[in-house]
């Protein structure tokens, strides 16, 4: 008889994520370099704009050991900084973050930076160097760290303090990773351009082995920062209810609903309790497992809750979005819209869209789509994204667009919970409510484009008609002079004044140029 011996072991969160680094998009050296820059830049922007600070972000990529494909990545910001005692856990402990409250964040779990550090350890065995100074601190704290993946704890290799002479505040991080600069270069450049598109209030400097980019601050207007909120009753699960009960087990079920959930007042709580046939005076700490499960199910089923509030969200805003699109794409026309808040499964979300036409946008057979989620550019997995699906389904001929055309569509979805297709956070899933809001937003800006193109067509018709008339103005003036006995120059001046009055100074100026072009064509033809 054969006996089997099976060995069981426990994995810490750090070790599990180290073994599954692909979940964070760290699939190969090219993607890893792009993802590293993305994670640190996102943290920098969250640490600034969310606190009313105009972002200044510096990024440097350099070869640490070119023969082995090792690159150093340095990212510095002017954010609120991290307190001395928190730095080791923030960078050295998985599932330790400031991003677990109900509020819009660029990141999801506060995992990104830790995943990068784990990737660095796995590929180069080099520690992360973190330097930070909290707002108002007279000291700068520097740590050299690694992560003990078996214990999910930070390993502090060194700690230093410096005098903060220039009153700098913010965080600077440096890691050494295995990366592929040549192949990642284009993606990184595009990522920074698109980041600037939705954050033109940021100043971004990038320096790479053979690339220097500078995006100057185009506006000092910041989006309103998101507030911290409470979960919506429709978004709960059993474990969340248990966790909230443990915080205050002595309050009644009625008080529990009113205190821990978004938009639940006394009247709404009473309506729900009556509908669900629950005793509102019972202590939540006395609820049995079955009663907690029943409560959770009924909270998700009840349709009498108020819609989730959008205070926890921070959309870009129409003015800022228009400014960013103008700076990056340099179109001849741009329009933007921020839709009213909506929700799916108890999670609030807002869709914004912009459309850009002409200028320096190259003509293409389909609209060029720029996708964003919580102000983060989505560069990969476009075919799996609901934004691309919606844009491709639109009949653009209805909006006077004939391909190939210089058309770009920008869509931004912000939410307390973006429904990503995968853990790589590069594509938004096909959620009915979000899909419909995207469709309405894109159609709205498309209608504005149609109005612009219609006006342009009519203007062009007038333009050509008057240009043609102006070309023969001399002959007309001569004929009228013969009939009236007035001078040719006087009549030509009157005709010119009539044209300017009819079409306006700007169009009249264009007419003169067009007249010259038509005259040249006529001369060539003859």
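See the values below:
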read-out: Members of region 381-405 that are crowded, with 19+ Cβ neighbours inside 10 Å and assigned to a loop (DSSP other than H, G, I, E, B); value: 385, 401
read-out: Residue within region 91-103 that is assigned to a loop (DSSP other than H, G, I, E, B), at pLDDT 85 or above and buried (at least 17 other Cβ atoms within 10 Å of the Cβ) present; value: no
read-out: Residue identified as touching a residue at least 60 places away in the same chain (Cβ under 8 Å) and under 28 Å from residue 308 (Cβ atoms) among 445, 409, 421, 391; value: 445
read-out: Residue match in region 411-432 (condition: closer than 22 Å to residue 44 by Cβ, in contact with a helix residue (DSSP H, G or I) (Cβ under 8 Å, 6 or more places away or on another chain) and modelled with pLDDT of 95 or more); value: yes
read-out: Positions within region 241-258 being out of contact with any helix residue (DSSP H, G or I) (no Cβ under 8 Å at 6 or more places or on another chain) and closer than 27 Å to residue 414 by Cβ, in sequence order; value: 243
read-out: Residues that are within 22 Å of residue 189 (Cα to Cα) and surrounded by fewer than 17 Cβ atoms within 10 Å (Cβ to Cβ), drawn from region 47-63; value: 54, 60, 62, 63
read-out: Positions within region 201-224 being closer than 18 Å to residue 44 by Cβ and in contact with a strand residue (DSSP E or B) (Cβ under 8 Å, 6 or more places away or on another chain), in sequence order; value: 202, 203, 204, 205, 206, 207, 208, 213, 214, 215, 216, 217
read-out: Filtered residue count, region 64-76, keeping only those that are under 30 Å from residue 225 (Cβ atoms) and surrounded by fewer than 15 Cβ atoms within 10 Å (Cβ to Cβ); value: 0
read-out: Filter pass, residue 229 being touching a strand residue (DSSP E or B) at 6+ places or on another chain (Cβ under 6 Å) and either surrounded by 18 or more Cβ atoms within 10 Å (Cβ to Cβ) or at pLDDT 90 or above (or both); value: yes
read-out: Among (1) modelled with pLDDT under 85; (2) in a loop (DSSP other than H, G, I, E, B); (3) more than 17 Å from residue 422 (Cα to Cα), the one test that residue 15 misses; value: (2)
read-out: From 282, 340, residue being modelled with pLDDT under 95, touching a strand residue (DSSP E or B) at 6+ places or on another chain (Cβ under 7 Å) and surrounded by fewer than 16 Cβ atoms within 10 Å (Cβ to Cβ); value: 282
read-out: The one condition in (1) on the phi < 0 side of the Ramachandran plot; (2) buried (at least 16 other Cβ atoms within 10 Å of the Cβ) that residue 346 fails to fulfil; value: (1)
read-out: Residues of region 298-312 satisfying the condition of being touching a strand residue (DSSP E or B) at 6+ places or on another chain (Cβ under 9 Å), over 24 Å from residue 448 (Cβ atoms) and surrounded by 15 or more Cβ atoms within 10 Å (Cβ to Cβ); value: 308, 309, 311, 312
read-out: Whichever residue in region 135-190 is modelled with pLDDT of 95 or more, under 30 Å from the mean Cα position of the chain (by Cα) and more than 30 Å from residue 27 (Cβ to Cβ) and, among such residues, is surrounded by the most Cβ atoms within 10 Å (Cβ to Cβ); value: 170
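The values are calculated or read from the model by the stated rules, or taken from the named source; none is laboratory data. Small disclaimer: the values here were computed from a predicted structure and weren't measured. No Cβ is skipped: glycine too gets one built from the backbone with ideal geometry, and neighbour counts run over all protein chains shown.
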